[in-house]
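J.: One structure follows; several queries about it will come next.
No lab work stands behind these numbers, since they all come straight from the coordinates. What you see is a predicted model, and the numbers here were worked out from it, not measured in a lab. Because the Cβ atoms are built from the backbone with ideal geometry, glycine has one as well, and the counts that use them run over all protein chains shown.
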Amino acid sequence: MKKLLSSLICMSFTLLAVAQPPAGDAKPGETYGEKITATDALSFADVVKKVKGGNDFTNVKFTAKVTDVCPKKGCWLKLEVPQGEEVMVKMKDYAFFLPVAAKGKTVAIEGEVIMKTTSVAELKHYAEDAKKSQAEIDAIKEPQKEVRVTAKGIVIVE
């Protein structure tokens, strides 16, 4: 019984250590995922406008400002769109994470940009990750159609 309890405690600590965003200051030039540069990056506002107009991008490079990063693991981030909205970014194949220090920084991202309907369960999960109140989580009742980015590489620009 003691061995089982000890094993469970060790596994819990291991999972807690793994479930942290990567450490770091997110300094200009640092890359996450595939190595990319900001060269020839488009305006994110233009990309969003085209996607909302019905043009999905399977591979595009753009720059945007990070408004939020998953405080749990760094597994998602939100980008500012000049029209006052935010766009969710997930990492391709859950292969890399972004440090929380990237919040407020300008980044270049290369990946897929599409319109997606996000389920209520997924929206609630993101709200929990973002440490929203239970009332805010419970208020999520309908799926949301939104622009979604799947990043394969990110570089900190400034």
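J.: Out of all DSSP beta bridges with both ends in region 21-156, state the antiparallel percent to the nearest 5.
T.: Rounded to the nearest five, the antiparallel share is 85 percent.
J.: For K52 and D129, calculate 0.36 nm times their separation in residues minus their Cα-Cα distance, and state this gained length in nm to one decimal. Before the final figure, lay out each step's value.
T.: Working: separation 77, 0.36 × 77 = 27.72 nm, distance 2.67 nm.
Taking 0.36 nm per residue and subtracting the Cα distance, the gain is 25.0 nm.
J.: Given labels modelled 7 Å from the Cα in the Cβ direction, how far is it in nm from E158 to Q83?
T.: 2.6
J.: Additional query: Distances longer than 23 Å among the Cα atoms of the chain: what percent of all pairs is that?
T.: Taking all Cα-Cα pairs of the chain, the fraction more than 23 Å apart is 42 percent.
J.: Taking only Cα atoms of region 49-125, what ratio of Rg to Rh do you get with Rh as the Kirkwood inverse-distance radius?
T.: 0.94
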